[in-house]
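Comments concern the structure below.
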Amino acid sequence: MRRGCFVWSAVLALFLDQVSKIVVYGMLVPGDSMRVIGSVLRFLRTENNQGVFGWSYGPAWIYYVLPLLGIVLVFWFALRSTGAWPAIAYGLILGGAVGNLVDRIRLGGRVIDFIGVGWRGWHWYTFNLADAFVVAGIIMLAGREFLWRPKPATAPAEPAPPTAGNPESSDQDISRQQLDHAD
């Protein structure tokens with residue numbers, strides 16, 4: 001069950017990321033934008049040759065090595081996780097990481113970003129669905145870790161001590177109990 005959740009969430013995230021980029025690139029010319037929800041959400045056609053949030057991490061090869069390292073770590077953690085929730089979270093992270101790596105390979109080191117979010121003159125970094133899936137997966141894992149912890153399995157109850165009404169009690173057990181309660 002959990003491996004199926006992991007695989008399907010990764011495949012779905014990768015598929016939605018790549019299809020959304022193809023659709024937006026088909027609709028918009030470079031530098032053009034389209035309002036989706038007023039000034040809060042807009043689509044624009046941009047390419048990013050840097051890392052997350054536009055940060056520069058160093059030489060170009062690092063933008064290939066870090067995602068590959070991340071993908072290996074996601075597989076390692078996902079295969080050791082228990083339950084559908086973390087499997088889906090790791091699948092979203094994997095799908096997003098692979099989606100951006102596909103862009104870098106296909107576009108010579110660039111990633112397609114097209115989602116712009118803002119409010120009253122303030123604008124967040126432009127991102128794509130791959131970025132959103134990675135962040136959603138991380139939030140799911142952090143939420144599970146810090147807000148919702150599965151209750152640990154309780155130890156099996158110990159057998160009740162022998163009592164006077166229990167036919168399996170010996171006279172010696174009953175006498176010991178009477179002495180214990182006499183104090």
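The values are calculated or read from the model by the stated rules, or taken from the named source; none is laboratory data. The structure displayed is predicted, hence computed values, not measured ones. No Cβ is skipped: glycine too gets one built from the backbone with ideal geometry, and neighbour counts run over all protein chains shown.
Answer yes or no as to whether ILE139 is under 28 Å from TRP85 (Cα atoms), modelled with pLDDT of 90 or more and outside any helix (DSSP H, G or I). Break it down into steps so the answer makes sense when it comes.
Working: under 28 Å from TRP85 (Cα atoms): yes; modelled with pLDDT of 90 or more: yes; outside any helix (DSSP H, G or I): no.
No: the conditions fail for ILE139.
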Handout entry: Residue match in region 102-119 (condition: among the basic types (Lys, Arg), outside any loop (DSSP other than H, G, I, E, B), free of Cβ contacts under 8 Å to residues at least 40 places away in the same chain and within 23 Å of SER9 (Cα to Cα))
Key = yes
Exercise for the section: May I ask you to verify whether ARG45 is assigned to a helix (DSSP H, G or I) and among the charged types (D, E, K, R)? Expected result: no
Exercise for the section: With respect to GLY70, determine if the residue is among the small types (Gly, Ala, Ser), assigned to a helix (DSSP H, G or I) and within 22 Å of ILE93 (Cβ to Cβ). Expected result: yes
Exercise for the section: Select from region 48-64 the residues that are closer than 17 Å to VAL134 by Cα and in a helix (DSSP H, G or I) and write down the one among them that is nearest to the chain's Cα centre (by Cα). Expected result: VAL52
Handout entry: Scope region 16-42; condition closer than 20 Å to PHE133 by Cβ, touching a residue at least 40 places away in the same chain (Cβ under 8 Å) and either hydroxyl-bearing (Ser, Thr, Tyr) or part of a helix (DSSP H, G or I) (or both); matching residues
Key = LEU16, ASP17, GLN18, SER20, LYS21, VAL24, TYR25
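When the residues of region 120-142 are filtered to those that are surrounded by fewer than 20 Cβ atoms within 10 Å (Cβ to Cβ) and touching a residue at least 60 places away in the same chain (Cβ under 8 Å), which remaining residue is farthest from LEU94 (Cα to Cα)? Steps first, answer last, please.
In the first step, residues of region 120-142 are kept if they are surrounded by fewer than 20 Cβ atoms within 10 Å (Cβ to Cβ); the result is 120-125, 132, 135-136, 138-142.
Still in the running and touching a residue at least 60 places away in the same chain (Cβ under 8 Å): 120, 125.
On the way: ARG120: 34, TYR125: 21 Å.
Ranking the qualifying residues of region 120-142, first place goes to ARG120.
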Problem - PRO162, sole failed condition from (1) in contact with a strand residue (DSSP E or B) (Cβ under 7 Å, 6 or more places away or on another chain); (2) of a type outside the set (Ser, Thr, Tyr); (3) at pLDDT below 85; (4) surrounded by 12 or more Cβ atoms within 10 Å (Cβ to Cβ) - result: (1)
Problem - Set ALA87, ALA97: member being touching a Lys or Arg at 6+ places or on another chain (Cβ under 6 Å), modelled with pLDDT of 90 or more and either in a helix (DSSP H, G or I) or not aromatic (Phe, Trp, Tyr) (or both) - result: ALA87
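Looking at this structure, is LEU68 modelled with pLDDT of 85 or more, farther than 14 Å from ASP131 by Cα, surrounded by fewer than 20 Cβ atoms within 10 Å (Cβ to Cβ) and out of contact with any helix residue (DSSP H, G or I) (no Cβ under 8 Å at 6 or more places or on another chain)? Before the answer, list the steps.
Values: modelled with pLDDT of 85 or more: yes; farther than 14 Å from ASP131 by Cα: yes; surrounded by fewer than 20 Cβ atoms within 10 Å (Cβ to Cβ): yes; out of contact with any helix residue (DSSP H, G or I) (no Cβ under 8 Å at 6 or more places or on another chain): no.
When the stated conditions are applied, LEU68 does not pass them.
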